[in-house]
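Heads up: the structure comes next, in structure tokens.
The values are calculated or read from the model by the stated rules, or taken from the named source; none is laboratory data. These numbers come from a predicted model, not from an experiment. A quick note on method: Cβ atoms are made from the backbone with ideal geometry, for glycine too, and the neighbour counts reach across all protein chains shown.
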Amino acid sequence: MKFKRIFLMVLDSLGVGEAQDAVNYGDSGVNTLGHIREKCDLFIPNLAKLGFLNTLNMDENTNVDAYYTIARPNNAGKDTLAGHYEMMGIISNIPFKTFNENGFPIELIDQIEKVTERRVIGNKCSNNNSIINELGERQLDYGSLIVYTSADSDLQIAAHEDVISPEVLYSYCEKVRKLTLKDEFLVGRVIARPFTGSKGKFKLNNAGRKDYPVKPSKRTILDDLNDNNYNVIAIGKMNDIFSETSINKTLKASSNIDAINKLTNIMDKNFTGLCMVNLCDFDSLYGHQRDVDGYAKAIEELDVEMPLLLNKLEMDDLLIITADHGNDPTFKGNDHTRENVPLILYSRNFKNPRRLEIQDTLANIGATIAENFEITPPEIGMSILNELE
């Protein structure tokens, strides 16, 4: 075992340029990090020192503290599950459905109303804050369900906690998840969105959010880690992404900063295994909202936290920083974008950090983790553990 602890940080949607097949997704020319940098005067000296900005052009930088490269997506689709599944060694050739243009089919809405015995309102693509402020009062008055999609492959259901308790909302989402396992309605996730407040001041209860994803179709490296008595720790929505599969400690997070704070607390613990954290604000608050300035500020806020994170690493720890897809805030629409992702690997004992060859799949991340802990390698991906010196 080369590293006792591996920390995997996923910067949700922070892609670094169009993938080879971006044209097939209508995403030619996208570049989340690149276009944010063009529009804003990004000041991220700590991330730059890790080679983060060099992933944009894959230029060589000999004055870096980490190994850096990019990884190309292979799984079909450009959603959260496709990227995370690929990281953990699962091939997914069928993209999940999206319903951004016209909302969900009336056949599905009818079935939702039947199984929940509640009227459905909304049924369109929207961001979370906009739709609860638009329809929150109506939901309070009539006890209906606000159903919408975020432009991802998801079906979200929002309800005020004074009318429908989070527990009841969760039960509705479980029923809707079963409905949406049919091929014609197959979304990656059903998401419960309880909210509170009054007219003009409605607020999502992010801590009460609960995701119901499609369960992994095959075993992942998380299963083998757990079977071999390693710790598998999930911070943020990681637990929901993998349907609680083989994760033995979960910490919810309400924001990027909250997730980072929980990560730093975990770093103080003595354990052996994998800790995964997803920083979802990049995607949900800024990418889908096409908020370039907000996205840039969030990257800079992460940069401020990096020295603390790096200093908390032990000599036999490895930090991996990557992303799951893109969400270029300068691009048309509100959907994810098909992009390569950055791959940064940092350890305090590295002697020769440098640029690595481009990785052909995100699965190389999982394969590297698997080799480090001497467990069964995933069916896809090649480990780069031996390159880390």
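May I ask you to list the residues in the range 351-368 that are surrounded by fewer than 16 Cβ atoms within 10 Å (Cβ to Cβ) and either within 24 Å of the chain's Cα centre (by Cα) or outside the structural domain of Tyr67 (by TED's automatic domain parsing) (or both)?
Scanning the range 351-368 gives Ile358, Asp360.
Being part of a loop (DSSP other than H, G, I, E, B), crowded, with 23+ Cβ neighbours inside 10 Å and aliphatic (A, V, I, L, M) narrows it down to one residue among Leu33, Leu50, Leu42; which is it?
Only one candidate qualifies: Leu50.
Quick check: anything in the range 142-164 surrounded by fewer than 16 Cβ atoms within 10 Å (Cβ to Cβ), on the phi < 0 side of the Ramachandran plot and in a helix (DSSP H, G or I)?
Looking through the range 142-164, at least one residue is surrounded by fewer than 16 Cβ atoms within 10 Å (Cβ to Cβ), on the phi < 0 side of the Ramachandran plot and in a helix (DSSP H, G or I).
Taking the condition within 15 Å of the chain's Cα centre (by Cα) and modelled with pLDDT under 95, does Ile235 pass? Steps first, please.
Working: within 15 Å of the chain's Cα centre (by Cα): yes; modelled with pLDDT under 95: no.
Answer is no for this residue.
Within the range 311-341, which residues are touching a residue at least 60 places away in the same chain (Cβ under 8 Å) and outside any loop (DSSP other than H, G, I, E, B)?
Asp317, Leu318, Leu319, Ile320, Ile321, Thr322, Gly326, Thr337, Glu339, Val341
Taking the conditions exactly as written (surrounded by 16 or more Cβ atoms within 10 Å (Cβ to Cβ), among the acidic types (Asp, Glu), under 18 Å from Tyr85 (Cβ atoms) and in contact with a Pro (Cβ under 9 Å, 6 or more places away or on another chain)), does Glu371 satisfy them or not?
Here the answer is no, as Glu371 does not meet what is asked.
For the range 76-101, which residues satisfy the criterion of being assigned to a loop (DSSP other than H, G, I, E, B) and under 15 Å from the mean Cα position of the chain (by Cα)?
Here is the first cut: in the range 76-101, the residues assigned to a loop (DSSP other than H, G, I, E, B) are 76-79, 88-101.
Matches in the range 76-101: Gly77, Lys78, Asp79, Met88.
Going residue by residue through the range 247-265, is there one that turns out to be out of contact with any Lys or Arg (no Cβ under 6 Å at 6 or more places or on another chain), touching a residue at least 60 places away in the same chain (Cβ under 8 Å), hydrophobic (A, V, I, L, M, F, W, C) and over 19 Å from Lys215 (Cα atoms)?
yes
Lys114 fails exactly one of the following numbered conditions: (1) modelled with pLDDT of 95 or more; (2) in contact with a strand residue (DSSP E or B) (Cβ under 7 Å, 6 or more places away or on another chain). What is the number of that condition?
(2)
Under 8 Å by Cβ, and 6 or more places apart or on different chains, what pairs join a residue from the range 230-245 that is surrounded by 24 or more Cβ atoms within 10 Å (Cβ to Cβ) with one that is acidic (Asp, Glu) and part of a strand (DSSP E or B)?
Going by the 8 Å Cβ cut-off, the qualifying pairs are Lys237/Asp211; Ile241/Asp211.
Going by the structure shown, is Asp154 of a type outside the set (A, V, I, L, M), in contact with a strand residue (DSSP E or B) (Cβ under 6 Å, 6 or more places away or on another chain) and either more than 12 Å from Gly103 (Cβ to Cβ) or assigned by TED's automatic domain parsing to the domain that holds His325 (or both)? Even if it seems obvious, please write down each step before you answer.
Working: of a type outside the set (A, V, I, L, M): yes; in contact with a strand residue (DSSP E or B) (Cβ under 6 Å, 6 or more places away or on another chain): yes; either more than 12 Å from Gly103 (Cβ to Cβ) or assigned by TED's automatic domain parsing to the domain that holds His325 (or both): yes.
So Asp154 passes the test.
What pairs can you find where one residue is in the range 109-125 and part of a loop (DSSP other than H, G, I, E, B), the other is surrounded by 18 or more Cβ atoms within 10 Å (Cβ to Cβ), and their Cβ atoms are less than 9 Å apart, with a gap of 6+ or different chains?
From residues that are part of a loop (DSSP other than H, G, I, E, B), the pairs are Arg118/Ile112; Arg118/Ser144; Arg118/Leu145; Arg118/Ala159; Arg118/Ile164; Arg118/Tyr172; Arg119/Ser144; Arg119/Leu145.
Just one of (1) surrounded by fewer than 20 Cβ atoms within 10 Å (Cβ to Cβ); (2) under 23 Å from the mean Cα position of the chain (by Cα) trips up Ile344, so point out which.
Here Ile344 clears every test but (1).
Tell me whether the range 174-197 contains one or more residues that are out of contact with any Asp or Glu (no Cβ under 8 Å at 6 or more places or on another chain), over 23 Å from Asp281 (Cα atoms), of a type in the set (Gly, Ala, Ser) and surrounded by fewer than 18 Cβ atoms within 10 Å (Cβ to Cβ).
The answer is no, given that none of the residues of the range 174-197 is out of contact with any Asp or Glu (no Cβ under 8 Å at 6 or more places or on another chain), over 23 Å from Asp281 (Cα atoms), of a type in the set (Gly, Ala, Ser) and surrounded by fewer than 18 Cβ atoms within 10 Å (Cβ to Cβ).
Mind counting the residues in the range 70-103 that are without any contact (Cβ under 8 Å) to a residue 40 or more places away in the chain and among the acidic types (Asp, Glu)?
1
Name the single residue that is farthest from Arg354 (Cα to Cα) among those in the range 374-389 being part of a loop (DSSP other than H, G, I, E, B) and out of contact with any helix residue (DSSP H, G or I) (no Cβ under 6 Å at 6 or more places or on another chain).
In this case the residue turns out to be Glu379.
Quick one: count up the residues across the range 1-31 that are in contact (Cβ under 8 Å) with a residue 40 or more places away in the chain and of a type in the set (Ser, Thr, Tyr).
The qualifying residues number 2.
Go through Asp258, Asp303 for me and flag whichever is within 18 Å of the chain's Cα centre (by Cα), buried (at least 17 other Cβ atoms within 10 Å of the Cβ) and among the charged types (D, E, K, R).
Selected residue: Asp258, the only one of Asp258, Asp303 that is within 18 Å of the chain's Cα centre (by Cα), buried (at least 17 other Cβ atoms within 10 Å of the Cβ) and among the charged types (D, E, K, R).
Determine whether Ser150 is among the hydroxyl-bearing types (Ser, Thr, Tyr), at pLDDT below 95 and closer than 30 Å to Lys218 by Cα.
yes
State the number of residues belonging to the range 11-30 that are loosely packed, with under 15 Cβ neighbours inside 10 Å and aliphatic (A, V, I, L, M).
Residues of the range 11-30 loosely packed, with under 15 Cβ neighbours inside 10 Å: 20-21, 23-24, 26, 28-29.
Checking the rest, the ones that are also aliphatic (A, V, I, L, M) come to 23.
Here the count works out to 1.
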